Amino acid sequence: MFSLCLLGLALLAGCSKKENTNEEQGTSPSSETKPAATSAPIDPATAATVKGAVTFEGTAPKPQKIDMSQDAACKGNNTSETIIADGGKLANVFVYVKEGLGDRTFDVPKNSATIDQKGCQYHPHVLGVMTGQNIEIRNDDDTTHNIHPTPKDNREWNESQPPKAAALEKTFAREEVMLPVKCNQHPWMKMYVNVVKSPFFAVTGSDGKYEIKGLPPGDYTLAFVHEKLGEQDQKVTLAAKDTKTVDQTFKQ
């Protein structure tokens, strides 16, 4: 009887050792190696361009007046920037390549993006940057501002900046579209930072136009995002050295 017990224990130990060996050798399906990201340069001889215009359908709401009377130093353009549609052309739409770049990685730009506080408003109203890109925040006003991003996926911070003070240097580590930035001193001040992992983005100007250059040939999904009107997506296929026009229309 004692011999049978010893035999059973030996068999159990052998099975256990075999299972452990399999796990150590990575035979489990969950341990499969993921394909590595690529940072191979894009051949400029094959690079493509997508461009177009964003329009607003219908009658655009009149810009709302802003009461800046709480601070005598605020002498800016006292109208809101929520929806700016001049002649049907929609400004402040963030356009970016949402899908199609696969595992490509891109170098962080060495140049800084800029946010200026002037006339107690943020300039620009909508900004695009890459993850990790430096953002230089200036205060050209004769009053103190309090810059306060309220992100969902990035670190929140809240920092005061006296008049004509040295620029603040900030970065955002994670992708996030339409990240709100406000000023606690002046509640009407608001802007949006868009953080993406590629350099393929643009913000429409007052003419509603955008242009994204340097894309490798491929199938892409373009996202058009507005702070109040939401997001609309379109697919586009770009051949080598291609230039295609992709327009988009928003309405309330």
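The values are calculated or read from the model by the stated rules, or taken from the named source; none is laboratory data. All of these numbers come straight from a predicted model, not from anything done at the bench. Cβ placement follows ideal geometry from the backbone for every residue including glycine, while neighbour counts extend to all protein chains displayed. Note: areas computed on protein heavy atoms with side chains; ligands, DNA, RNA excluded. Shrake-Rupley method; radii C 1.70, N 1.55, O 1.52, S 1.80 Å.
The set of residues in segment 81-124 that are in contact with a Gly (Cβ under 6 Å, 6 or more places away or on another chain) and on the phi > 0 side of the Ramachandran plot comprises Gly100, Gly119, Cys120.
I'd like to check which strands (runs of 3 or more DSSP E) are fully inside segment 174-248 and have at least 1 residues that are open to solvent by 50 Å² or more (accessible area, probe 1.4 Å) and touching a Lys or Arg at 6+ places or on another chain (Cβ under 8 Å). Don't jump to the end; show me each part of the working.
Numbers: elements: 176-183, 190-196, 201-203, 209-215, 218-226, 230-238, 243-245.
By residue number, 176-183, 190-196, 209-215, 218-226, 230-238, 243-245.
Per the conditions (1) of a type outside the set (Lys, Arg); (2) in contact (Cβ under 8 Å) with a residue 60 or more places away in the chain; (3) under 24 Å from Ala223 (Cβ atoms); (4) touching a Phe, Trp or Tyr at 6+ places or on another chain (Cβ under 9 Å), the sole criterion not satisfied by Pro151 is (2). Pairing each residue of segment 91-115 that is closer than 21 Å to Thr249 by Cβ with any residue that is assigned to a loop (DSSP other than H, G, I, E, B) and among the aromatic types (Phe, Trp, Tyr), provided the two are 6+ apart or on different chains, yields C-beta distances under 6 Å for Val97/Phe200. On the basis of being out of contact with any Asp or Glu (no Cβ under 8 Å at 6 or more places or on another chain), among the small types (Gly, Ala, Ser) and not in a loop (DSSP other than H, G, I, E, B), does Gly128 make the cut? The answer is yes for Gly128.
Among the residues that make up segment 85-99, is at least one of them within 15 Å of Leu168 (Cβ to Cβ) and open to solvent by less than 20 Å² (accessible area, probe 1.4 Å)? Before you say what the answer is, go through the steps one by one.
Applying the first criterion (within 15 Å of Leu168 (Cβ to Cβ)) to segment 85-99 yields none.
The answer is no; no qualifying residue exists.
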